[in-house]
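Below is one structure, written out as structure tokens, with a few remarks after it.
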Amino acid sequence: MLNKIEHIGIAVKDLENSNALFAKLFGRNHYKIEQVLSEGVDTSFFQLGESKIELLSASSPESPIAKFIEKKGEGIHHIAFEVTDIVAEMKRLEGEGFKLLNEKPKKGADNKLICFVHPKSANGVLVELCQEIR
Ligand code: ZN
């Protein structure tokens, strides 16, 4: 079971400019910036009540974010859902026929274990499962 929307990921070209833009939109500043080397991304996070917005920019030309922006332009990239037991959820979703993009959970930004579900198996939505690392 997916507990709730943990955050929404937005792909941007320039993290610094977008931090300023979204700070104006949300009326508050981001609370952290984090580089995720394994994913080739720089991220920043905004907290809005229970929900978060994650901005993602490519840190290298081979980054999946660079490819995403090239194909689709800037915009909503993924929706992340909080799960209690990511390994159990990955098994459950595989059993339901969803295609997972990684075999094992990996370390994501913001102290999370994450796994992505292929958008082709979810009506075009890139779904991220995330479990807090305790
Ligand atoms: Zn995310």
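The values are calculated or read from the model by the stated rules, or taken from the named source; none is laboratory data. Since the model is a prediction, treat every value here as computed from it, not as a measurement. Backbone-built Cβ (ideal geometry, glycine too); neighbour counts: all protein chains shown. When the accessible area is computed, the model is the full protein with side chains, heavy atoms only, and any ligands, DNA or RNA have been set aside. Shrake-Rupley method; radii C 1.70, N 1.55, O 1.52, S 1.80 Å.
Brief remarks follow.
- Relative contact order computed over the stretch 12-87 (Cα-Cα under 8 Å; 6+ residues apart), in percent: 25 percent
- Helix 86-95 vs. the chain, principal-axis angle (Cα, 0 to 90°, nearest 10): 60 degrees
- Accessible area in square angstrom per residue, the chain, 1.4 angstrom probe: 58 Å²
- Looking at the chain, the DSSP beta bridges with both ends there are about 75 percent antiparallel.
- Percent carbon-and-sulfur accessible area, the chain, ignoring ligands, DNA and RNA, probe 1.4 Å: 55 percent
- Helical contribution to [θ] at 222 nm, DSSP H n ≥ 4, -39,500 (n - 2.57), averaged over the chain, rounded to 500: -7000 deg cm²/dmol
- Local charge for Val36 was computed over the other residues whose Cβ lies under 11 Å away, with Lys and Arg +1 and Asp and Glu -1, and equals -2.
- Within straight-line cross-link reach of Lys4, aspartates and glutamates at Cα separation under 19 Å, skipping those fewer than 8 residues along the same chain: Glu50, Glu54, Glu82, Asp85, Glu89, Asp110, Glu128, Glu132
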